[in-house]
Amino acid sequence: MMDNDEAISTLNDLIEISKDGEEGFLKSAESVDDPQLKTFFFRRSQEVKDSVVELQDLVRALGGKPAESASVAGYLHRRWIDLKTAILSNDTLAVLNEVERGEDVALNAYREAAKKDLPPMARLVVLRQLDGAQRNHDQVKQLRDQAELQTH
């Protein structure tokens, strides 16, 4: 099993990526006009926020200091969403494409974390949150596919 410092580092990476997702969903909710999609994004943002709190509690339980902010890459990704949606005047398909790209990053990070030899309680949380990340990814992909069909 990896030592606590390695586990804390892995969990803090997930916190940063999850905070990226939380902020990305929130920004996306503000960038679309469709009320159902807006509600979907707001709900996902809150669910990811809850996951962040759980990961932060886990880091504290392992004796570490939890990450409090999103990653620099996430910040740049959100600025790209801002730019793209401004240029495309809140094009729903463009927003969904960007959200799906962000969900790909989150899903890959959780898959990598799940491969590591984490302490048992951390492993259970990561595996459960991996399922949530997969579900978010699949739902966003489905919404993007639907939006793509509507544009043709």
- Nearest 10 degrees, 0 to 90: what angle lies between the long axis of helix 72-87 and the longest principal axis of the chain (Cα atoms)? 10
- So the angle from the long Cα axis of helix 120-151 to the longest Cα principal axis of the chain, reported in degrees to the nearest 10, equals 10
- Query: Net charge near Ala109, counting Lys/Arg +1 and Asp/Glu -1 over other residues with Cβ under 13 Å of its Cβ?
  - Reply: -2
- Message: Test of understanding: ordering His137, His152 by Cβ neighbours within 10 Å, fewest first, what list do you get?
- Response: His152, His137
- Message: Assuming 0.36 nm per residue, please report the length gained on full extension of the stretch Arg135 to Asp13 beyond their Cα-Cα distance.
- Response: 41.9 nm
- Task: Specify the angular offset, from 0 to 90 degrees and rounded to the nearest 10, of the alpha carbon long axis of helix 35-61 from the longest principal axis of the alpha carbons in the chain.
- Result: 10
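Bear in mind these aren't lab numbers, they're just calculated from the coordinates by the rules spelled out. Bear in mind the structure is a predicted one, so any value in this text is a computation, not a measurement. Neighbour counts run over all protein chains shown; Cβ positions are idealised from the backbone, glycine included.
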